[in-house]
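Worksheet for the structure shown next.
The values are calculated or read from the model by the stated rules, or taken from the named source; none is laboratory data. Being a predicted model, the structure only gives us computed values, none of them experimental. Note that each Cβ is placed from the backbone with ideal geometry, even for glycine, and that neighbours are counted across all protein chains shown. Remember, those area values only see protein heavy atoms, side chains included, never the ligands or the DNA or RNA. Shrake-Rupley method; radii C 1.70, N 1.55, O 1.52, S 1.80 Å.
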Amino acid sequence: MNKNKIKTEVSSTAEPGASQTAGEDISIFKKTAAVTDETEQTVLREERREADRAAKQLKWERRMERKKAREAEMRREEERRNAEIRAVHESFMREALKEAQKAADLREVPIGCVIAKDGKIIARGYNRRNTDANTLSHAELNAIRDASSALGDWRLEGCTLYVTLEPCQMCAGAIVQSRIDEVVIGCMNPKAGCAGSVLNLMQVPAFNHQVKITKGILEKECSHLISSFFEELRSGKISSS
């Protein structure tokens, strides 16, 4: 048989849509491959974005940790400074309590005061109002008078006044007038105190000088001394002169 004839017969017996189907399969394969490649690229991009987010999150967390560590260190440093300042305040307030005891020994209301500058006591005073028969003989005024004599100046700038009981209106005014920087108070005086209890004459904005106020230094000791005095006065163990 003739070879050309055989080829013709084979070609004529093949299904007419076979080549078209093969072409469609190739096209589908290519489209599927393209979609798969695009999906893989999308996944890779998402993984990179996720890695970037994770890196940024880690960087932020480490920055926050460093910030918290700095804040904790600052708090510890502040607590240390406050403890040191309080220790100094307590030391001077104990000296004021010694002055208050001198008043108690005279059967005066036990109020004591010291004035310090540059870490040293430059003046002391205690209540002698009945002893001196003088309204002005309060602990604060006696100490202010001595401090002015010691410094040779009525201005007591740079000084801190320690007093066992919140100053009255007269003493508060004198403290402002003398330009004292800070007043450290043992216990408050709810009936006559003028550092915040009844009035706050030390921090009036309209005045040309305001005084820093620190409260509650050795409060229990100062309060006990005052309350014990008045308990004894009421019980008749001591007399009011």
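Looking at the range 202-222, I want the residues that are free of Cβ contacts under 8 Å to residues at least 24 places away in the same chain and have a partner that is among the basic types (Lys, Arg) and open to solvent by 30 Å² or more (accessible area, probe 1.4 Å) with Cβ atoms under 9 Å, at least 6 apart or on another chain. Which pairs are those?
Final answer for the pair search is 203/212.
Take residue 22 and decide whether it is open to solvent by less than 90 Å² (accessible area, probe 1.4 Å), at pLDDT 90 or above and either part of a loop (DSSP other than H, G, I, E, B) or more than 30 Å from residue 187 (Cα to Cα) (or both).
Working: open to solvent by less than 90 Å² (accessible area, probe 1.4 Å): yes; at pLDDT 90 or above: no; either part of a loop (DSSP other than H, G, I, E, B) or more than 30 Å from residue 187 (Cα to Cα) (or both): yes.
In short, no.
Being in contact with a helix residue (DSSP H, G or I) (Cβ under 9 Å, 6 or more places away or on another chain), open to solvent by less than 50 Å² (accessible area, probe 1.4 Å) and part of a helix (DSSP H, G or I) narrows it down to one of 202, 170, so name that one.
On the way: 170 fails: open to solvent by less than 50 Å² (accessible area, probe 1.4 Å).
Residue meeting the stated conditions: 202.
Right, residue 128: of a type in the set (Lys, Arg), modelled with pLDDT of 95 or more and over 34 Å from the mean Cα position of the chain (by Cα) or not? Spell out the reasoning first.
On the way: of a type in the set (Lys, Arg): yes; modelled with pLDDT of 95 or more: yes; over 34 Å from the mean Cα position of the chain (by Cα): yes.
Against the criterion (of a type in the set (Lys, Arg), modelled with pLDDT of 95 or more and over 34 Å from the mean Cα position of the chain (by Cα)), residue 128 qualifies.
Please work out if residue 180 is within 18 Å of residue 136 (Cβ to Cβ), touching a residue at least 60 places away in the same chain (Cβ under 8 Å), among the aliphatic types (A, V, I, L, M) and open to solvent by less than 10 Å² (accessible area, probe 1.4 Å).
Working: within 18 Å of residue 136 (Cβ to Cβ): yes; touching a residue at least 60 places away in the same chain (Cβ under 8 Å): yes; among the aliphatic types (A, V, I, L, M): yes; open to solvent by less than 10 Å² (accessible area, probe 1.4 Å): yes.
It is true that residue 180 is within 18 Å of residue 136 (Cβ to Cβ), touching a residue at least 60 places away in the same chain (Cβ under 8 Å), among the aliphatic types (A, V, I, L, M) and open to solvent by less than 10 Å² (accessible area, probe 1.4 Å).
Of all residues in the range 205-237, how many are out of contact with any strand residue (DSSP E or B) (no Cβ under 8 Å at 6 or more places or on another chain), surrounded by 15 or more Cβ atoms within 10 Å (Cβ to Cβ) and under 21 Å from residue 112 (Cβ atoms)?
Result for the range 205-237: 1.
If you check 83, 147, which single one turns out to be free of Cβ contacts under 8 Å to residues at least 12 places away in the same chain, at negative phi and in a helix (DSSP H, G or I)? Full working, then the answer.
Details: 147 fails: free of Cβ contacts under 8 Å to residues at least 12 places away in the same chain.
Result of the check over 83, 147: 83.
Do the conditions hold for residue 226, that is, is it over 19 Å from residue 101 (Cα atoms) and not small (Gly, Ala, Ser)? Before the answer, list the steps.
Values: over 19 Å from residue 101 (Cα atoms): no; not small (Gly, Ala, Ser): yes.
Against the criterion (over 19 Å from residue 101 (Cα atoms) and not small (Gly, Ala, Ser)), residue 226 does not qualify.
Sort out which residues of the range 112-165 are closer than 13 Å to residue 89 by Cα, open to solvent by 20 Å² or more (accessible area, probe 1.4 Å) and touching a strand residue (DSSP E or B) at 6+ places or on another chain (Cβ under 8 Å), and write them in order of number.
117, 121, 160
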